[in-house]
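Shown next, in structure tokens, is the structure this report addresses.
The values are calculated or read from the model by the stated rules, or taken from the named source; none is laboratory data. Every value quoted in this text rests on a predicted model; they were computed, and no experiment measured them. Because the Cβ atoms are built from the backbone with ideal geometry, glycine has one as well, and the counts that use them run over all protein chains shown. Just so you know, the surface numbers come from the protein's heavy atoms only, side chains and all, with ligands and any DNA or RNA stripped out. Shrake-Rupley method; radii C 1.70, N 1.55, O 1.52, S 1.80 Å.
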Amino acid sequence: MKTLITFLVLTAFWIIVALVGCLVAKRFKERGVIRCCVILTAVCCWLLWVSTFLMQLNPLIGPRVDQRVIFGMMSYWENSYVINDDEDK
């Protein structure tokens with residue numbers, strides 16, 4: 001549900017950017033060129049965002065770590081599950 005809300009909010013944001021740009025373009029002489037640039041900018045920014053968002057949503061490859069490295073990280077890092085602060089007290 002959070003994913004859908006995030007997607008819809010940011011899609012609406014880029015649609016609003018394009019619409020505001022089109023409305024502002026009416027004030028200028030070259031409104032066709034400005035409107036085209038604003039819409040193209042909004043579409044390209046949205047495509048960049050949505051491709052990054054979808055790639056992070058379901059990554060194709062994950063990190064590959066040796067089992068000894070994982071044990072070392074768990075042993076030496078203070079916030080790991082192996083070290084318990086309650087035992088020291």
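Solvent-accessible area assigned to carbon and sulfur over the chain amounts to 68 percent, based on a 1.4 Å probe. Calculated accessible area for the chain comes out at 91 Å² per residue, all protein chains present (probe 1.4 Å; ligands, DNA, RNA ignored). Computed from Cα positions, the angle between helix 67-76 and the longest principal axis of the chain comes to roughly 80 degrees. Would you mind estimating how fast the chain diffuses translationally, via Stokes-Einstein at 20 °C and 1.002 mPa s with the Kirkwood radius over Cα pairs, in µm²/s? Answer from the Stokes-Einstein relation: 122 µm²/s. Ordered from highest to lowest accessible area with the whole protein assembly present and a 1.4 Å probe, Phe53, Phe13 read as Phe13, Phe53. Between Arg68, Arg27, Arg35, the Gaussian network model of the chain with springs among Cα atoms under 10 angstrom shows the greatest mean-square fluctuation at Arg68. Structure remark: mean-square fluctuation, Gaussian network model of the chain, C-alpha springs under 10 Å; the largest value among Trp14, Trp77, Trp46 belongs to Trp77. Of the residues Leu47, Cys37, Pro59, the one whose Cα sits farthest toward the positive end of the charge dipole of region 1-66, with +1 on the Cβ of Lys and Arg and -1 on the Cβ of Asp and Glu, is Cys37.
Note: relative contact order over the chain, using C-alpha pairs below 8 Å and six or more positions apart, is 20 percent.
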